[in-house]
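Provided herewith is a single structure, encoded as structure tokens, for subsequent inquiry.
The values are calculated or read from the model by the stated rules, or taken from the named source; none is laboratory data. The structure displayed is predicted, hence computed values, not measured ones. As a convention, Cβ positions derive from the backbone with ideal geometry for all residues, glycine included, and neighbour counts pool all protein chains shown. These area figures cover heavy atoms from the full protein model, side chains too; ligands, DNA and RNA do not enter into them. Shrake-Rupley method; radii C 1.70, N 1.55, O 1.52, S 1.80 Å.
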Amino acid sequence: MRLAVIPGDGIGVDVTAEALKVLRAVEEGFGRRFDIEMLPWSADHFLKTGETIPANGYAMLREFDAIFIGALGDPRVADNRHARDILLGTRFELDLYVNYRPVKLLHERLCPLKNRSIADVNFVVFRENTEGLYVGIGGRFKAGTVDEVAIQEEMNTYKGVHRIVKHAFDFAHSTGRTRVCMADKSNAMTDGHALWQRVFAELKSQYPQIEARHLYIDALALLMIQDPSQFDVIVTNNLFGDIITDLGAALQGGLGLAASGNLHPGRTSMFEPVHGSAPPLAGKNVANPMGAILSAALMLEYLGLAKEAAAIEAAVRGAVVAGQGTKEIGGALGTRETGDYIARTIQEL
Ligand code: IPM
Ligand code: MN
């Protein structure tokens, strides 16, 4: 299998090294072979060459079986142009319309809520990934003056809303989950989100065996904290999905543990931890590599290697339970030692 790997910036580089270590352990343990191509696209690369992503970059990426990304973002690139081209650009150009973000508590001590068991925090968020407020439609008039007008439009299309909501229902149907909750803000955004209402009504009638529920996004945020056990599959738009998946990461023990996939089912897809590049922590051997390692597991699962993916998840869970991790989850290990521990567990399995 041919994999493109973009470590990116900051701690993206640190955690990607550990994800690769774990992929090597899978190669040895399961007799697989991953043909890995490292791509240097990052803030450093941009500052050195003026190039964010090469002209044929997206076409290049399409040739791989999957893409793994560490993190992007660097204070030296004030407008974050490279991150926009590399991360958001790939989401748009490869039409990766499903942002798949599982929220799964691996050990109860990691949950910031009182008296919650691992069964209470186990849901999946599907974030629309190619439309909404992220499309960059808008502009500024009289910028920099007291008369400045700033407009950023939210784009919702029937096709775009339909395919993500349908994906959520199909996922629930094929994985034995029974509840789908669609969250929007149709009480205030009466045009854009009326479309979400229409599509949801159409689709829910096609999946009578699945319990379909609607919540306004603000109420969903409240209920995620009051009682996360009521959620199974959540589907929402690009910006709301961005926000509630950070909230979800908090429920599972922090951003260091959260994994994601940017998918176009059947096509080359991209996997990345949910956390950012955390420049002050870069190179210090302190970042938690588990989110990156779990993202590598999602990648293998997507590529049809279910056993290998399950082994990685079990190894991460084992490390969490044994307290063998970084400081912020109660361990005493560094980034590299956490990766070593997980890689060793996989070889032993
Ligand atoms: C994420 C990130 C990105 C997003 C940023 C870096 C543009 O927060 O993947 O959740 O908002 O999509
Ligand atoms: Mn985010």
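At R0 = 30 Å, how high is the FRET efficiency between LEU47 and ALA143 if r is their beta carbon distance? Nearest 0.05 is fine.
Details: r = 25 Å, r/R0 = 0.83.
Calculated value: 0.75.
What do you get for trypsin sites (Lys or Arg not before Pro) in the range 253-349 restricted to DSSP loop and a cutoff of at most 15 other Cβ within 10 Å of the site's Cβ?
Numbers: sites: ARG267, LYS284, LYS307, ARG317, LYS327, ARG336, ARG344; in loops: ARG267, LYS284.
Of the trypsin sites (Lys or Arg not before Pro), the ones in loops of the range 253-349 whose Cβ has at most 15 other Cβ atoms within 10 Å are ARG267, LYS284.
Mind listing the long-range amide H neighbours of ILE36? Cut-off is under 5 Å, sequence gap 5 or more, other chains count too, H placed in the peptide plane at 1.01 Å from N.
LEU3
Regarding the range 123-201, what is the average projected area of its C-alpha convex hull, in nm²?
The directionally averaged projection comes out at 6.8 nm².
Measure out, as a whole number of angstrom, how far apart the alpha-carbon centroids of the range 106-148 and the range 324-349 sit.
So the two Cα centres are separated by 28 Å.
I've got another one for you. Extent of the range 107-244 along each principal axis, from alpha carbon coordinates, in Å, largest to smallest?
Projected onto its principal axes, the Cα set of the range 107-244 covers 53, 38, 23 Å.
Let me ask another. If you take the C-alpha gyration tensor of the range 187-286, multiply each eigenvalue by 5 and take the square root, what semi-axes do you get, largest first, in whole Å? Could the numbers behind the result be given before it?
Numbers: eigenvalues 176, 62, 41 Å².
Values for the range 187-286, descending: 30, 18, 14 Å.
How do SER42, SER205 stack up against each other in accessible area, from largest to smallest, with a 1.4 angstrom probe? Present the calculation step by step, with values, prior to reporting the outcome.
Numbers: SER42 10, SER205 85 Å².
Descending order: SER205, SER42.
Using amide H atoms built in the peptide plane, which far-off residues or other-chain residues are under 5 Å from ALA282 H to H?
The answer is ILE11.
Can you give the helix-only mean residue ellipticity at 222 nm for the chain, where every DSSP H stretch with n ≥ 4 adds -39500 (n - 2.57) and the sum goes over all residues, rounded to the nearest 500 deg cm²/dmol?
-12000 deg cm²/dmol
Looking at the chain, identify the longest residue range that excludes and avoids all GluC sites (Glu not before Pro) in DSSP loops having at most 16 other Cβ atoms within 10 Å. Mind showing how you got there, number by number?
Working: sites that count: GLU51, GLU63, GLU148, GLU153.
No qualifying site falls inside 154-349, the longest such stretch.
How large is the charge dipole for the chain, taken about the Cα centre, if only the Cβ atoms of Lys, Arg (+1) and Asp, Glu (-1) carry charge, to the nearest 20 debye? Mind dumping the intermediate values first?
On the way: 35 positive and 42 negative charges, 98 e Å.
Charge dipole of the chain: 480 debye, to the nearest 20.
Still on this structure: Suppose we take every Cα in the range 232-345 and form the convex hull; what volume per residue is that in Å³? Walk me through the intermediate numbers first.
On the way: hull volume 14.1 nm³, N = 114.
Per-residue hull volume (Cα only) is 123 Å³.
So if each residue of separation counts as 0.36 nm, and I subtract the Cα-Cα distance between MET155 and ARG336, what length gain in nm does that give?
Here the segment from MET155 to ARG336 would lengthen by 61.0 nm.
What is the Cα convex hull volume of the range 1-125 when expressed per residue in Å³? Working shown, then result.
Working: hull volume 18.8 nm³, N = 125.
Roughly 150 Å³ of hull volume per residue.
Taking only Cα atoms and a 10 Å spring cutoff, compute GNM fluctuations for the chain and point out the largest among ASP246, ASP120, ASP147.
ASP147
Amide H to amide H under 5 Å from LEU133: which residues, 5+ apart in sequence or cross-chain, H placed 1.01 Å off N in plane?
Here MET155, ASN238, LEU239 satisfy the definition.
Then there is this: Reported to two decimal places, what Rg/Rh ratio describes the chain when computed on Cα atoms with Rh from the Kirkwood expression? Working shown, then result.
Details: Rg = 20.0 Å, Rh = 20.8 Å.
Rounded to two decimals, Rg over Rh is 0.96.
If Lys and Arg each add +1 and Asp and Glu each add -1, what is the summed charge of the other residues whose beta carbon sits under 12 Å from the beta carbon of LEU47? Write out the running numbers ahead of the final one.
Values: positive: LYS48, ARG76, ARG81; negative: ASP9, ASP44, GLU51, ASP74.
Once positives and negatives cancel, what remains is -1.
Looking only at the range 308-349, which residues have a backbone nitrogen under 11 Å from a spot 7 Å from the Cα of ILE118 in the C-beta direction?
Once the point is set 7 Å along Cα→Cβ of ILE118, 314-322 turn out to lie under 11 Å by backbone N, inside the range 308-349.
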